[in-house]
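Q: Got a structure for you, written out below as structure tokens; questions coming shortly.
The values are calculated or read from the model by the stated rules, or taken from the named source; none is laboratory data. If you're wondering where the values come from, they're calculated on a predicted model, not measured in any experiment. Using ideal geometry, Cβ is built from the backbone for each residue, glycine included, and neighbour counts are taken over all protein chains shown. Keep in mind that these areas ignore ligands, DNA and RNA; they rest on the heavy atoms of the full protein, side chains included. Shrake-Rupley method; radii C 1.70, N 1.55, O 1.52, S 1.80 Å.
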Amino acid sequence: MRLPKNKNMRRILAAQLPADFADWLDYVAVITLFTYVWQVDTIYFAWFAVSFSLPYILVGPLAGALVDRSDLKSVLVLSNLGRALSTFSLIFASQPEIMLALIALRSSIDSFFSPAKQVAIQALVERDELMATNSVSHVINQASKVAGPAVGGALLIWVSPQAVFGVNGAVSLLAMAIFMTLPRKIEAKQTEDHDAQQEEGGKASMLNDILSGFAIVFSTPALWTTIMLGAMGFFAIFLHDTLIGPVTRELGFDATILGISVAAVGGGGILGAVTLGSMKRHIHPFLLIGPSMIIVSAMTMLLGSVAIYGWSIHPYIFVAAFFLVGFVGTGTFVPLRTVLQLETPSGKMGRVTAVNESLSLVAMISAPFIGATLASIYHIGVPFVFGGTITLVLGIIALILIKFVPFTSPEEASDLPKTAETV
């Protein structure tokens, strides 16, 4: 797996390590407070998911537009400072409602960080390095999902949940400190239409900036088809994702197997990203996304069928299946980000990223409730079969669209003017 040549991009990836780790370090601490200290009703766990996700939908488009207007280093530094301060504030949350409000505040601040990171990748990375750089970023993200909850859970053996929040806030400050070592100014050039408005003495309104993100997406076939496939893919996943615990119990496995299986998904994702990052030949993104979705769909439907019909399965095979899903699933997530960076005009990466995240999270928020309803009416395995079926259809559609949707190759994009300047 190749690191990008640009030293500032390597520095940003180094800062992503503590930044992404901070996203997951206190996850177990929050669940512990809700479950064992406050002993809240189960509805609070649903609201926890909403408070975590909804700000990306409501604040995300505005954040993306502001990122495109702002100095990139300032956004990266201030967003991590804000994440640190909001995490420290969790120490003083005395009841679940306050905790949910603070989590929503932290997610609102975090909605600035992801678009800024994607702007940095588009601006600083050579086009033929995009797949490799996104793979490195995905490795960091997946490793954080495994290590964060594990370390957080281990810390709870010796310290209180509030102390874990303190440690996590310090981790965000470490990310901020690394971002502060970036050059004084790293910014994407304005797009031609934005420059024209400024030359005329006017200034694009924030609303126009936000709407332009949606306009770019839905006027570019490569963008809207990829984003919609991704959003529907997330919908299919989250029909059953929150039911992994109950289906594991249904199959007779204990909490240890559940924890190992979740970690196996992350481990598979890491290996998959390393494999993709090592590829030197450009492949049509749907040639990766389509087969990836089809294979994952088969594994998901098989798991649902095992639960429905009560078939016996060895725990090693169960864990290996989760590892395979993580490995193959990388073929969907990494190419998606690469397409966004190749197809989005310079100066608009922030708002297009925000549109992508908003559409994906709308699908993700609604899916768990539908999945839970299907499980309660029919069987715990039905959401897995239903979600797998949707993923299968999406994979087939992706393969069909190869002939109809043109994509910009890294070679074509490398002929375009550089999208950023570093001072």
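Q: Mind checking which residues of the stretch 263-277 are touching a helix residue (DSSP H, G or I) at 6+ places or on another chain (Cβ under 7 Å) and either open to solvent by 30 Å² or more (accessible area, probe 1.4 Å) or aromatic (F, W, Y) (or both)?
A: Passing the criteria: A263, V265, I270, L271, V274.
Q: May I pose another question? Out of the residues in the stretch 176-205 meeting the condition of being assigned to a helix (DSSP H, G or I) and touching a Lys or Arg at 6+ places or on another chain (Cβ under 8 Å), tell me which one is modelled with the lowest pLDDT.
A: Q197
Q: Among (1) out of contact with any helix residue (DSSP H, G or I) (no Cβ under 6 Å at 6 or more places or on another chain); (2) among the small types (G, A, S); (3) part of a helix (DSSP H, G or I), which single condition is S53 missing?
A: For S53, the failing item is (1).
Q: Where residues in the stretch 71-105 are closer than 18 Å to L17 by Cα and among the charged types (D, E, K, R), which of them is least open to solvent (accessible area, probe 1.4 Å)?
A: R83
Q: Of the residues F386, F369, F407, which single one is at pLDDT 85 or above and either among the aromatic types (F, W, Y) or on the phi > 0 side of the Ramachandran plot (or both)?
A: Being at pLDDT 85 or above and either among the aromatic types (F, W, Y) or on the phi > 0 side of the Ramachandran plot (or both) holds for just one of F386, F369, F407, which is F386.
Q: Applying the selection to the stretch 61-70, what residues are open to solvent by 40 Å² or more (accessible area, probe 1.4 Å) and of a type outside the set (A, V, I, L, M, F, W, C)?
A: Hits for the stretch 61-70 are R69, S70.
Q: Can you pull out every residue in the stretch 247-262 that is open to solvent by 50 Å² or more (accessible area, probe 1.4 Å) and polar (S, T, N, Q)?
A: Hit for the stretch 247-262 is T256, nothing else.
Q: Which fully enclosed helices (runs of 4 or more DSSP H) of the stretch 293-401 have 3 or more residues being open to solvent by less than 20 Å² (accessible area, probe 1.4 Å), among the basic types (K, R) and free of Cβ contacts under 8 Å to residues at least 24 places away in the same chain?
A: In the stretch 293-401, there are no helices (runs of 4 or more DSSP H) which contain 3 or more residues that are open to solvent by less than 20 Å² (accessible area, probe 1.4 Å), among the basic types (K, R) and free of Cβ contacts under 8 Å to residues at least 24 places away in the same chain.
Q: Would you mind telling me which numbered condition in (1) within 22 Å of I157 (Cβ to Cβ); (2) surrounded by 22 or more Cβ atoms within 10 Å (Cβ to Cβ); (3) aromatic (F, W, Y) W38 fails?
A: Failing condition for W38: (2).
Q: Filter the stretch 41-60 down to residues that are touching a Leu at 6+ places or on another chain (Cβ under 9 Å) and either open to solvent by less than 50 Å² (accessible area, probe 1.4 Å) or within 20 Å of L174 (Cβ to Cβ) (or both), then give me how many there are.
A: Number satisfying all stated conditions: 8.
Q: Quickly run through the stretch 352-396 and pick out the residues that are among the small types (G, A, S) and in contact with a Gly (Cβ under 9 Å, 6 or more places away or on another chain).
A: A354, S358, S360, A363, A367, G371, A375, G381, G387, G388, G395
Q: Please go through the stretch 233-258 and pick out each residue that is of a type in the set (F, W, Y) and assigned to a helix (DSSP H, G or I).
A: If the condition is that a residue be of a type in the set (F, W, Y) and assigned to a helix (DSSP H, G or I), then F234, F235, F238 are the ones that fit.
Q: With the condition being touching an Asp or Glu at 6+ places or on another chain (Cβ under 7 Å), I'd like the helices (runs of 4 or more DSSP H) fully within the stretch 63-140 carrying at least 1 qualifying residues.
A: In the stretch 63-140, the matching helices (runs of 4 or more DSSP H) lie at 72-89, 113-124.
Q: Something else: I'm trying to understand the selection: among the residues of the stretch 131-156, which are at pLDDT 85 or above, more than 16 Å from T332 (Cβ to Cβ) and not small (G, A, S)?
A: T133, V136, I140, V151, L155, L156
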